[in-house]
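These notes concern the structure reproduced below.
The values are calculated or read from the model by the stated rules, or taken from the named source; none is laboratory data. Predicted model, so just to flag it, every value in this text is computed and none were measured. All Cβ positions, glycine included, derive from the backbone under ideal geometry; neighbour counts span all protein chains shown. SASA here: full protein model, heavy atoms, side chains in, ligands and nucleic acids out. Shrake-Rupley method; radii C 1.70, N 1.55, O 1.52, S 1.80 Å.
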Amino acid sequence: MKNLEELKRIRDRVKKNLQMRSGKHKVRIVVCMATCGIAAGARQTMNTLADLIEKSNRDDVVITTSGCAGFCEQEPMIQIYTEDKEPVVYGKVDSKAAEEIFEKHILNGQIVERYLFSKGK
Amino acid sequence: MRDLADHLFDILENSVAAGATEVIVMLGLSNKRFSYKIKDNGRGIESGDVTDPFVTSRKERKVGLGLPLLKKTAENTNGFLRISRLEGKGTLLEFETDISHIDAKPFGDLAKVFTDALRSWPDVDFEVLIEREKSKNEQVLNTKEIRETMGCSDIQHKEIQDFVYQSIDKGLKRIGINTQFGNF
């Protein structure tokens, strides 16, 4: 990586931005990323969600990944953990489903029944 | 798996699942043969032939398909998959495929594999090298260096992700990985 200079420029640019962040996340989206998820297109799902978060300017939403949840036929699966609410699991979440779930569930707090896999623990 | 990028991401996940904190990936393309070597410092393979679908460390079910699928992808195209235990600690995986073979899979977005990796496992250190025939191997990603320069752990910031993507993508293009099936 010869672009150390460029990296330093980025650092100066984003530093302010980073300080402004509270570091507290209200919503955590977990994308299952084992072989089963990846084969079903989970990387695309994750990237779609990341773009949507970026576009919505919500810095209290974060994405992480996990291993196989044991329901490989339902992949790509995502789990949504919202502060003070029961976790919700969605199955067969392709990019289109991810957009709908982001719009309805994450931004407006409505559960999207047609992709719903389970609610609660 | 749709493309070689999916496979690569899946195999990196094995390293992380084995507790690796450092993963070194070397990518190369020469004579229409695309290859990568992945070296990690994870706990290593415990026992059995890991390319057998019925040998797995996962607990949810008794099959593991990541390595068997990769092996199939290699062997379908006159390539190979070799996995060896490193002395001390860790695993070395070597994969090669003939991209001019009729059954070759497209590359997919290989640079994106690594930004996905940083997003998925922000605490793991990755080093990515591009194998060059006539000159020194080119380092296109070194997360340790990024962490030191940035002075903060926010490796998932959009601007850093873009920077990493560009760096790797440029390196891949220099060795001819600029179309889905390479240039002949």
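A few remarks follow.
- Placing +1 on each Lys and Arg Cβ and -1 on each Asp and Glu Cβ, with no other charges, gives the stretch B:59-163 a dipole about its Cα centre of roughly 500 debye.
- The stretch A:39-54 - phi-based ³J(HN,Hα) in whole Hz, Karplus 6.51/-1.76/1.60, Gly and Pro as x: 4, 8, x, 5, 5, 5, 4, 4, 5, 4, 4, 4, 5, 5, 4, 4
- Sequence-ordered 3J(HN,Hα) estimates for the stretch B:92-99 from the Karplus curve with 6.51, -1.76 and 1.60 and θ = phi - 60° stand at 10, 10, 10, 10, 9, 9, 8, 7 Hz, glycine and proline given as x.
- Lys, Arg +1 and Asp, Glu -1 on Cβ, resulting dipole of the stretch A:23-119 about Cα centre, debye, nearest 20: 60 debye
- Computed [θ] at 222 nm, deg cm²/dmol, chain B (DSSP H ≥ 4; -39,500 (n - 2.57); rounded to nearest 500): -10000 deg cm²/dmol
- Couplings 3J(HN,Hα) of the stretch B:167-172, computed from phi: 4, 6, 4, 4, x, 5 Hz, in residue order, whole Hz [Karplus 6.51 cos²θ - 1.76 cosθ + 1.60, θ = phi - 60°; x for Gly and Pro].
- Per-residue shielding of A:63-70, expressed as the average number of other chain Cβ atoms within 10 Å of the residue Cβ, stands at 4.
- Shown for chain A: cysteine residues without a partner Cβ closer than 4.7 Å, namely A:C32, A:C68.
- Heavy-atom accessible surface of the protein assembly as shown: percent carbon and sulfur, 1.4 Å: 47 percent
- Taking amide H as placed 1.01 Å from N in the peptide plane, the amide H of B:L129 sits under 5 Å from that of B:V25, B:M26, B:L27, B:V140, each at least 5 places away or on another chain.
- Summarising the amide proton neighbourhood of A:E75: residues at separation of 5 or more, or on other chains, whose placed amide H is nearer than 5 Å comprise A:K92.
- Global geometry of the stretch B:4-174, whether rounded, prolate or oblate, following the gyration tensor of its Cα atoms and the 1.5 cut on a/c: oblate
- Note on chain A: helix-only mean residue ellipticity at 222 nm, from DSSP H runs of 4+ residues weighted -39500 (n - 2.57) and normalised by residue number, equals -11000 deg cm²/dmol.
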